[in-house]
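Everything below concerns the one structure shown next.
The values are calculated or read from the model by the stated rules, or taken from the named source; none is laboratory data. Nothing here was measured: the structure is a model prediction, and the numbers come from that model. Because the Cβ atoms are built from the backbone with ideal geometry, glycine has one as well, and the counts that use them run over all protein chains shown. Note: accessible area is taken over every heavy atom of the protein model, side chains too, but ligands, DNA and RNA are not part of it. Shrake-Rupley method; radii C 1.70, N 1.55, O 1.52, S 1.80 Å.
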Amino acid sequence: MAQVLLEKKGNVAIASIDRPKALNALNSSVLDELDALLDAVCKDKEIRVLILTGSGEKAFVAGADIGEMSELNPEEGTAFGKKGNDVFRKLETLPIPTIAAVNGYALGGGCELSMACDIRICSDTAVFGQPETGLGITPGFGGTQRLARLIGPGMAKQLIYSAKNIKADEALRIGLVNAVYPAEELPAAALKLAETIAANAPIAVRACKKAIDEGLELPMDEAIALEETLFGSCFGTEDQKEGMHAFLEKRRHEPYQNR
Ligand code: DAK
């Protein structure tokens with residue numbers, strides 16, 4: 001039975017981790033399915049934005065599967081960490097924008113999964129945390145790296161060393177999420193945001209993702225040069241011509257064609 005579900009609504013795809021009885025904990029087979037799903041999403045030219053969420057009302061993802069991890073030896077632990085990291089990196093570098101709609105517990109690997117997405121929004125029932133040090137391990141799916149980059153090293157160290165969970169309002173305050181919604185409104189809010197993004201010129205949106213993600217790793221002069229190249233490449237697209245002509249002709253642009 002599939003443990004990661006994919007639904008398409010127009011140009012938006014919604015992937016749900018579907019193991020609600022284990023609070024959507026990530027085991028090896030879920031990671032394999034997520035990996036295959038990302039490959040399929042990448043190939044589907046209709047999909048312009050991916051939303052990631054969890055099935056059920058309690059959890060986004062309550063972490064890596066503690067049952068599966070408990071008896072690993074150091075070599076197996078390293079291999080499990082690499083498997084997760086490879087999938088999360090594939091998600092992070094997916095060419096299209098990704099939104100984590102965090103609908104409950106996002107602990108350990110769940111918090112890390114949300115951080116591999118471009119944008120995080122959550123329900124007022126969401127709980128975030130990196131409980132690993134309380135279990136005798138370090139975060140293993142990029143938590144030490146992405147949390148420190150997102151919210152700064154001081155706050156990341158406090159969360160990781162203390163293994164304390166935080167609620168949605170605190171996640172908003174420290175910049176881990178962009179917005180908090182009543183639980184029942186989260187799916188619609190995520191879809192509305194995704195549709196807003198999907199209606200913009202897809203080639204330009206993908207170029208923005210590349211410019212931001214790759215530019216942040218470069219010295220400023222190289223980062224600006226990267227932006228210039230990507231900016232220039234947009235002028236070879238039909239969507240740029242339509243967008244600018246529509247403005248000059250004082251009309252609404254035709255739906256962008258991803259060309
Ligand atoms: N793994 C496996 N099963 C889990 C789980 C998890 N992370 N979280 C919950 N479950 C299962 C529970 O065992 C329970 O199963 P049954 O007993 O019903 O069979 C079911 O989900 C419902 O959970 P609870 O009965 O505990 O529900 P409560 O509402 O009472 O509590 C909770 C919800 C989220 C507070 C609690 O379930 C909890 O504390 N869960 C564990 C959260 C956690 O510690 N997550 C972090 C896991 S560590 C690495 C690779 C990866 C990682 C690290 C290193 N390398 C290889 C380098 C990542 C580590 C993690 O993510």
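So here's what we get for this one:
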| quantity | calculated |
| --- | --- |
| Mean ellipticity per residue at 222 nm, deg cm²/dmol - from DSSP H runs of n ≥ 4 across the chain, formula -39500 (n - 2.57) | -14500 deg cm²/dmol |
| Calculated FRET value between Glu170 and Arg259, using beta carbons and R₀ = 35 Å, to 0.05 | 0.20 |
| Top positive-direction residue, dipole computed over the chain with Cβ charges, set Ala246, Ser123, Ile99 | Ala246 |
| Karplus 3J(HN,Hα) series, Hz, for region 104-120 with 6.51 cos²θ - 1.76 cosθ + 1.60 (x for Gly, Pro) | x, 4, 10, 10, x, x, x, 5, 5, 4, 5, 6, 7, 8, 5, 9, 10 |
| Burial ranking of peptide ranges 32-40, 13-21 (average Cβ count within 10 Å, highest at the top) | 13-21, 32-40 |
| Rg and Dmax of region 24-92, Cα atoms only, in Å | 13.6, 43 |
| Convex hull projection area averaged over all views, the chain, Cα basis, nm² | 15.1 |
| Within-10-Å neighbourhood charge of Gln130 [Cβ basis; K, R +1; D, E -1] | -1 |
| Peptides 220-230, 152-162 ordered by average Cβ neighbours within 10 Å, highest first | 152-162, 220-230 |
| Cut-off under 5 Å, modelled amide H: who pairs with Tyr105 long-range | Ala59, Phe60, Val127 |
| 1.4 Å probe accessible area per residue over region 168-259, in Å² | 66 |
| Charged-residue dipole, Cβ positions (Lys, Arg, Asp, Glu), region 1-153 about Cα centre, Debye nearest 20 | 500 |
| Beta bridges per DSSP with both ends in region 1-157, % antiparallel, nearest 5 | 25 |
| Spherically averaged projected area of region 157-259 from its Cα convex hull (nm²) | 10.0 |
| Using θ = phi - 60° and Karplus 6.51 cos²θ - 1.76 cosθ + 1.60, couplings along region 82-92 (whole Hz; Gly, Pro as x) | 5, 4, x, 5, 5, 5, 5, 5, 4, 5, 4 |
| Estimated FRET transfer efficiency when R0 is 30 angstrom, pair Ala163-Glu185 (beta carbons, to 0.05) | 0.50 |
| Region 139-168 versus region 188-239: alpha-carbon centroid distance in Å | 27 |
| Three-way shape label, region 35-172, alpha-carbon gyration tensor, a/c 1.5 | oblate |
| Computed magnitude of the charge dipole of the chain (debye, nearest 20; Cβ of K, R +1, Cβ of D, E -1) | 520 |
| Protection-proxy order for peptides 52-61, 1-10, each taking the mean of Cβ atoms within 10 Å per residue, highest first | 52-61, 1-10 |
| Region 54-131: equivalent-ellipsoid semi-axes (sqrt of 5 x gyration tensor eigenvalues, Cα, Å) | 23, 17, 8 |
| Placed amide H near Asp124: partners under 5 Å, 5+ positions off or other chain | Tyr181, Ala183 |
